[in-house]
1. Take the residues in the stretch 233-265 that are in contact (Cβ under 8 Å) with a residue 40 or more places away in the chain and part of a helix (DSSP H, G or I); name whichever of them is nearest to residue 173 (Cα to Cα).
2. Quick one: is residue 67 assigned to a loop (DSSP other than H, G, I, E, B), touching a strand residue (DSSP E or B) at 6+ places or on another chain (Cβ under 6 Å) and surrounded by 14 or more Cβ atoms within 10 Å (Cβ to Cβ)?
3. Can you tell me which residues in the stretch 292-318 are part of a helix (DSSP H, G or I) and either at pLDDT 95 or above or within 22 Å of residue 402 (Cβ to Cβ) (or both)?
4. For the stretch 223-244, how many residues are within 11 Å of the chain's Cα centre (by Cα) and under 26 Å from residue 276 (Cα atoms)?
5. If you check residue 110 against the conditions, is it within 23 Å of residue 207 (Cα to Cα), surrounded by 16 or more Cβ atoms within 10 Å (Cβ to Cβ) and free of Cβ contacts under 8 Å to residues at least 24 places away in the same chain?
6. Yes or no: the stretch 345-357 includes at least one residue that is farther than 22 Å from residue 203 by Cβ and buried (at least 19 other Cβ atoms within 10 Å of the Cβ).
7. Would you say residue 411 is surrounded by fewer than 18 Cβ atoms within 10 Å (Cβ to Cβ), within 27 Å of residue 329 (Cα to Cα) and at pLDDT 95 or above?
8. Regarding the stretch 176-191, can at least one residue be identified that is in a strand (DSSP E or B), crowded, with 19+ Cβ neighbours inside 10 Å and not assigned by TED's automatic domain parsing to the domain that holds residue 271?
């Protein structure tokens, strides 16, 4: 039995007790009315009703359960679903079931309360919104429309339902929250009810007063045991592809994730790091192996790709592509209008998905202070890699890290970008770029000071950096800051 049916049956019993009467929350009918406009008004009223409402078919005008046949059920459900989808603004998705009541087969239709109110007739104004009053459906007054608007909220993507209505016992089969308890360093819940209460508080699920509830997009994308269980999110799994060479001609390996981002993030990073080339370094007189790319930088970039993607773009998800000379991390969704490619490092945090970003910060997966790319940039310099490359397309955003290259093998564009990013990193470290600091970043000896001076002057001419003190005429001790500082 569907979770909402308990409440529906209670209301039907109360409605059919003498004296028989219809309720604000429930309306019973013998059969489907041919008046489509009136049916749409009923759906509007129930969608505006706190807690939603129910239509019950198979109860005659005298209040006697008479039942419905299969053909009636099919016709009624299809017509109401079409009216809810095409006749109302915003659209309303209905649920239904057929159940026995006093030996009669009745059709129960659940009209959920809409988060966005007032729900009104499509192609009409807000004044064509309806409410339930005294067990009947009537047009809402101006004052009542104002009250509905005050109780309306535009749902965020994270709040939307990722599942159909589920009974309480099924939430644990869809979501795995044990790894999140460990990330939060908190004890696990001890009872099923405690777990459900925590899930609801975390906004992983929305519970219905009548029992059961829905898994939200936030709950599914963070903690799904199988993303494939949620139709709209199945294509949002992270894909990791390893290519043989410098292009996509030959694929060596491909792996697609199956779980929610939060509970699988550590495993994802371990898998990516295991695929990367390694080099030997000397640390504390011991020879050790380390990956060519810094894990801290990759962690921040991959986390950003997961969090900041545009979930409204269907058929595409985060992608990690590993080539012989670079690693590319991309996600659906262009750059936010308030952001600029040359101001991403150290910028104030902003996300399309604020709840997801906040959750990942609490789970210690990412930063939410704008310092994630700053840390990544510092690590890139420490490893002597070329500068981070940011590319924004109309429907995608890509970050590329390149394997180590000497100054001589960097392109002119890469050299200028390395100079600019170094100035940015120094500025946010309460310092300034100098010839010496840039030489150290580029792993260049003192004898190449003049080459670095030429690079800095070119960056000034291109409007990327400027002198921190225009009055200082000494090139040797000059300090430089980003053009916007």
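1. 263
2. Values: assigned to a loop (DSSP other than H, G, I, E, B): yes; touching a strand residue (DSSP E or B) at 6+ places or on another chain (Cβ under 6 Å): yes; surrounded by 14 or more Cβ atoms within 10 Å (Cβ to Cβ): yes.
It is true that residue 67 is assigned to a loop (DSSP other than H, G, I, E, B), touching a strand residue (DSSP E or B) at 6+ places or on another chain (Cβ under 6 Å) and surrounded by 14 or more Cβ atoms within 10 Å (Cβ to Cβ).
3. Step one: list which residues in the stretch 292-318 are part of a helix (DSSP H, G or I), which gives 295-307.
Matches in the stretch 292-318: 295, 296, 297, 298, 299, 300, 301, 302, 303, 304, 305, 306.
4. Taking the stretch 223-244 as the starting set, the residues that turn out to be within 11 Å of the chain's Cα centre (by Cα) are 233, 236.
Then drop every residue that is not under 26 Å from residue 276 (Cα atoms), which leaves 236.
Going through the stretch 223-244 one residue at a time, the tally reaches 1.
5. Details: within 23 Å of residue 207 (Cα to Cα): yes; surrounded by 16 or more Cβ atoms within 10 Å (Cβ to Cβ): yes; free of Cβ contacts under 8 Å to residues at least 24 places away in the same chain: no.
When the stated conditions are applied, residue 110 does not pass them.
6. As a first pass, look at the stretch 345-357 and keep what is farther than 22 Å from residue 203 by Cβ: 345-348.
Now drop any that are not buried (at least 19 other Cβ atoms within 10 Å of the Cβ), which leaves 345.
Within the stretch 345-357 (the criterion being farther than 22 Å from residue 203 by Cβ and buried (at least 19 other Cβ atoms within 10 Å of the Cβ)), the answer is yes, since at least one residue qualifies.
7. Details: surrounded by fewer than 18 Cβ atoms within 10 Å (Cβ to Cβ): yes; within 27 Å of residue 329 (Cα to Cα): yes; at pLDDT 95 or above: yes.
Spelling it out, residue 411 is indeed surrounded by fewer than 18 Cβ atoms within 10 Å (Cβ to Cβ), within 27 Å of residue 329 (Cα to Cα) and at pLDDT 95 or above.
8. Looking only at the stretch 176-191, we keep the residues that are in a strand (DSSP E or B), and these are none.
So far as the stretch 176-191 goes, no, none of its residues is in a strand (DSSP E or B), crowded, with 19+ Cβ neighbours inside 10 Å and not assigned by TED's automatic domain parsing to the domain that holds residue 271.
The values are calculated or read from the model by the stated rules, or taken from the named source; none is laboratory data. Only a predicted model underlies this, so the values are computations on that prediction, with no experimental measurement involved. All Cβ positions, glycine included, derive from the backbone under ideal geometry; neighbour counts span all protein chains shown.
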